[in-house]
Each structure stands twice: as structure tokens, then as C-alpha cells.
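Accompanying notes for the structure given below.
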Amino acid sequence: MILYYAPTACSIAPHIALEEIGVPFEARRIDLGKGEQTSPEFLAVNPHGRVPALVVDGETVTELPALLAYIAALKPEAKLTPPPGTLAYARCFEWLGFLSSSLHVAYAQFRRPGRFVAEGSPAWDEVSDAGRLNTIAAFREVERRLGARPDGAWAAGDAYSIADINLFPFHGWAWRLDLDMASECPRWTALVERMKRRPAVQRAMAREAAD
Ligand SMILES: N[C@@H](CCC(=O)N[C@@H](CS)C(=O)NCC(=O)O)C(=O)O
């Protein structure tokens, strides 16, 4: 398997998940700042021009929820999803859906308004500013949802899961929002700090920092 990732991007989520299950994989870095996601070489892998992309048996799989669910299912013993049929299982996929369809899209509106309005449009700044507020609202919604969990719990239940892994990268983007995460999102911050103590998380972070 080959994981295409970019440092500081959402692709650290499948990177962590692959480290958690301990299967062999190759990590290939894409420099978004240099526009490598639109290079002919990468577009041949993912014509959508985004990371993460996971190549399995010559086929490319994209979209965080699909990648995380796929990786978790590769090694059920790692228990990266709650048992199917439980409420925790529903919560886990509720997180993946919310993060993908609401938080990530709001952040894209903030940072990449070109996905919403034409380049040079007079609405550019207004769209981006509204995207920032939408992202802050989504961050507060994450904290509210985590606050409904008992102290010390993970996002989807008593056990660590791909829901926590999916929450990880977005927390790191808060500095761009000018949001003080320690005071605004203390539960999310504590969850991320707990994750950083996991060897798999440390391995993924170290690889992305070193490459
Ligand atoms: N819906 C996609 C979103 C992927 C995405 O937007 N990735 C960003 C990095 S976090 C990216 O590749 N951006 C490059 C670009 O927009 O040019 C997913 O869930 O994987």
C-alpha cells in the first residue's frame, strides 16, 4: 500500500491509522505549497488532486471516512471501530460524517474560497471570512459533542477509535482561526494530548516531520 500525504494536512489521520494497525506501507509526501497535488504524476494517482490517497493493489482510494473505515477493517483485532451494531459504532461514523461534511467543508471555505467562488470575485473575502466563522462554529460543535461524553472517554465511546484519529488533524489547524483551543476546546485538546502519547501517533508525526 502507498499512502500519499502532505505534512499538516488531514492525511495524517490515515497515516496514524496505518501505524496503529501495524501493516507495511509506503508513505509518499506531496508538497501542497509547491502545488504537487496538481502535478501530472499525482493527478495520475488521484485525478481529484487531493490528499490523502491510498493506493491498494494498483487502485486509488480517497476520502477520509472511506480510508479510515477501510484501514480499521484490515485489522479488526486492533479494534479501531467500536463493535458493529452498538451505539458507539453509530457515534463513530457520526463523527466521520460530521467532520467530513461540515467541519472540513467550512475550513475549505475559509482557506480555499476558490472552491466556492470564481477567482477574482468581489465576494472572495466575504466567503472566506464566513468560512472562518463557520469553522469556529464547527470547532465549538466538536467541543459540545465531546462534552456530552463522560470524562476520560474517547469520542465514540470508552475505546479509542477512528473517530479520535479523524479529530486529530483538524485540532492542529486552530491557530489559523485565532482560536485559543486550551480555553475554547479543552476536551478536544485533552483528547489530542492523550493521542500524542500513543507510539503509533508519534511514529506518524515523526515521519511527517522528518521527510
Ligand atoms: N473530502 C476529502 C478532502 C481532502 C482534502 O481537501 N485534502 C486537502 C488537504 S487537508 C488537500 O489535498 N488540499 C489540496 C488542494 O485543495 O489543492 C477527504 O475527506 O479526503
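So here's what we get for this one:
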item: Those chymotrypsin sites (Phe, Trp or Tyr not before Pro) in region 102-211 that DSSP places in a loop and that have at most 11 other beta carbons within 10 Å; result: none
item: Label point distance in nm, A73-W124, each placed 7 Å from Cα along Cα→Cβ; result: 4.2 nm
item: Trypsin sites (Lys or Arg not before Pro) within region 69-147: DSSP coil, no more than 16 neighbouring Cβ in 10 Å; result: K79
item: Total charge dipole magnitude, the chain, about the Cα centre, Cβ charges on Lys, Arg, Asp, Glu only, Debye to nearest 20; result: 380 debye
item: In order through region 52-62: 3J(HN,Hα) via Karplus (6.51 cos²θ - 1.76 cosθ + 1.60), integer Hz, x for Gly, Pro; result: x, 9, 10, 9, 10, 6, x, 10, 9, 10, 10
item: Heavy-atom accessible surface of region 87-198: percent carbon and sulfur, 1.4 Å; result: 51 percent
item: Net charge dipole size for region 87-198 [Lys, Arg +1 and Asp, Glu -1 on Cβ; Debye, nearest 20]; result: 380 debye
item: Surface per residue (accessible, 1.4 Å probe) for the chain, Å²; result: 49 Å²
item: Nonlocal amide H pairs with V61, under 5 Å, H built at 1.01 Å; result: L54, V55, V56
item: Under Karplus coefficients 6.51, -1.76 and 1.60, residue-wise ³J(HN,Hα) of region 11-25 in Hz, glycine/proline x; result: 5, 5, 5, x, 4, 4, 4, 5, 5, 5, 7, x, 8, x, 7
item: DSSP-assigned coil residues among trypsin sites (Lys or Arg not before Pro) in region 152-201, each with at most 13 further Cβ atoms within 10 Å; result: K196, R197
item: Farthest positive-ward along the chain dipole, Cα basis, beta-carbon charges - from N134, T81, L3; result: T81
item: Table column - 3J(HN,Hα) (Hz), region 120-126, Karplus curve with 6.51, -1.76, 1.60, x for Gly and Pro; result: x, 5, x, 7, 3, 5, 5
item: Residues with amide H under 5 Å from that of R28, placed H, sequence gap 5 or more; result: L3, Y4, Y5
item: Extension gain (nm, one decimal) between D31 and A90, 0.36 nm per residue minus Cα-Cα; result: 17.8 nm
item: Compactness relative to 2.2 N^0.38 Å, alpha carbon Rg of the chain; result: 1.01
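The values are calculated or read from the model by the stated rules, or taken from the named source; none is laboratory data. All values reported here derive from a predicted model rather than from experimental measurement. Positions of Cβ are backbone-derived with ideal geometry, glycine not excepted, and every protein chain shown enters the neighbour counts. For accessibility, only protein heavy atoms count, side chains too; no ligands or nucleic acids. Shrake-Rupley method; radii C 1.70, N 1.55, O 1.52, S 1.80 Å.
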